[in-house]
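Here's the structure we're looking at; comments come further down.
The values are calculated or read from the model by the stated rules, or taken from the named source; none is laboratory data. Treat the numbers as computed from the prediction; the structure is a model and nothing was measured. Note that each Cβ is placed from the backbone with ideal geometry, even for glycine, and that neighbours are counted across all protein chains shown. When the accessible area is computed, the model is the full protein with side chains, heavy atoms only, and any ligands, DNA or RNA have been set aside. Shrake-Rupley method; radii C 1.70, N 1.55, O 1.52, S 1.80 Å.
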Amino acid sequence: MTRIRNFGWNRLKLATLSYEEISALEEQVKQEHACSDGIHMYDKAGRDKLDALSWAVYNNQKQESAQ
């Protein structure tokens, strides 16, 4: 697996990544932070990372529509 920069999970910097890179990071987070106990699918750190990735996708789409 190729290492993709995550910029310390900074949302603004994650927004500079391509959709393919964001998708690869999403899959990596889902594998590493899977949680089988309780009601959550992913642990707290995983949820925070997925939130940052979803914001990056939202920001990319917002920037594309503004152009």
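Quickly work out the GLN67-to-MET41 label distance, labels modelled 7 Å from Cα along the C-beta direction, and quote it in nm with one decimal.
3.0
As a check on your grasp of the helix formula, calculate [θ] at 222 nm for the chain: sum -39500 (n - 2.57) over DSSP H runs of n ≥ 4, divide by the residue count, round to the nearest 500.
For the chain, the value works out to -19500 deg cm²/dmol.
For ILE4, ILE22, ILE39, give me the order by solvent-accessible area with a 1.4 Å probe, most accessible first, ignoring ligands, DNA and RNA.
So the residues, ranked largest to smallest area, are ILE39, ILE4, ILE22.
Quick query: amide H of TYR42 versus all other amide H atoms, modeled in the peptide plane; which residues come in under 5 Å with a sequence gap of 5 or more or a different chain?
Sorted by chain and number, the residues that satisfy this are CYS35.
Provide the per-residue ³J(HN,Hα) series for the stretch 32-47, in order, calculated from phi with Karplus coefficients 6.51, -1.76, 1.60 and θ = phi - 60°, each as a whole number of Hz, with x at glycine and proline positions.
Once rounded to whole Hz, the list reads 6, 10, 4, 10, 9, 9, x, 9, 8, 7, 9, 5, 4, 4, x, 5.
Tabulate in residue order the Karplus-calculated ³J(HN,Hα) for the stretch 2-16, using 6.51 cos²θ - 1.76 cosθ + 1.60 with θ = phi - 60°, rounded to whole Hz; enter x for Gly and Pro.
7, 7, 10, 4, 10, 6, x, 6, 6, 4, 5, 6, 4, 5, 7
Enumerate the calculated ³J(HN,Hα) couplings along the stretch 51-58 in order (Karplus 6.51 cos²θ - 1.76 cosθ + 1.60, θ = phi - 60°), each rounded to whole Hz, writing x wherever the residue is Gly or Pro.
Per residue, the Karplus-derived 3J(HN,Hα) values read 5, 5, 5, 5, 5, 4, 5, 4 Hz.
Just to confirm, what accessible area per residue do you get for the chain at 1.4 Å probe, in whole Å²?
In whole numbers, the chain has 73 Å² accessible per residue.
How long are the semi-axes of the equivalent ellipsoid of the chain, defined as square roots of 5 times the Cα gyration tensor eigenvalues? Whole Å, largest first.
Equivalent-ellipsoid dimensions as semi-axes: 23, 13, 9 Å.
Heavy atoms only, probe 1.4 Å: what % of the accessible area of the chain goes to carbon and sulfur, would you let me know?
Accessible surface attributable to carbon and sulfur in the chain totals 50 percent.
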